[in-house]
Amino acid sequence: MADADYGSSAPTSAARPDALKKLRACKRCKLIKTYHQFASGFCENCPGLRPDTETAGARDDYVLEHTTTDFEG
């Protein structure tokens, strides 16, 4: 999808990581949060990447597919 598809909603504040260990970064926008935060609220900066269903399995798949533990910062 084009970047224009993501900018149509009003800006919101992203949640800060609630722990400093086991952090993950969004592969698209580089937002850093914990696994649990991504699973419960997805990425606030990339609403177009959210799964069609919000079942537990879809949430886990979302986190594993769209985030990474391999980041520097």
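Computed values, structure above
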{"item": "Top-ranked residue in the stretch 16-28 [being assigned to a loop (DSSP other than H, G, I, E, B) and out of contact with any helix residue (DSSP H, G or I) (no Cβ under 6 Å at 6 or more places or on another chain); ranked as nearest to residue 69 (Cα to Cα)]", "result": "22"}
{"item": "From the options 62, 35, residue that is farther than 15 Å from residue 14 by Cβ and in contact with a strand residue (DSSP E or B) (Cβ under 7 Å, 6 or more places away or on another chain)", "result": "35"}
{"item": "Test: residue in the stretch 29-47 that is outside any helix (DSSP H, G or I) and farther than 20 Å from residue 16 by Cβ", "result": "no"}
{"item": "Single match in 12, 53 (criterion: at pLDDT below 95, assigned to a loop (DSSP other than H, G, I, E, B), in contact with an Asp or Glu (Cβ under 8 Å, 6 or more places away or on another chain) and surrounded by fewer than 14 Cβ atoms within 10 Å (Cβ to Cβ))", "result": "12"}
{"item": "Cβ-Cβ under 6 Å pairs, at least 6 apart or on other chains, the stretch 30-48 side closer than 17 Å to residue 61 by Cβ and among the small types (Gly, Ala, Ser), far side at pLDDT below 95 and part of a loop (DSSP other than H, G, I, E, B)", "result": "48/1; 48/6"}
{"item": "Among (1) modelled with pLDDT of 90 or more; (2) surrounded by 10 or more Cβ atoms within 10 Å (Cβ to Cβ); (3) assigned to a loop (DSSP other than H, G, I, E, B); (4) acidic (Asp, Glu) - the single one residue 70 does not satisfy", "result": "(2)"}
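The values are calculated or read from the model by the stated rules, or taken from the named source; none is laboratory data. Not measured: the values here are computed from a predicted model. Please note: Cβ atoms are built from the backbone with ideal geometry, for glycine as well, and neighbour counts cover all protein chains shown.
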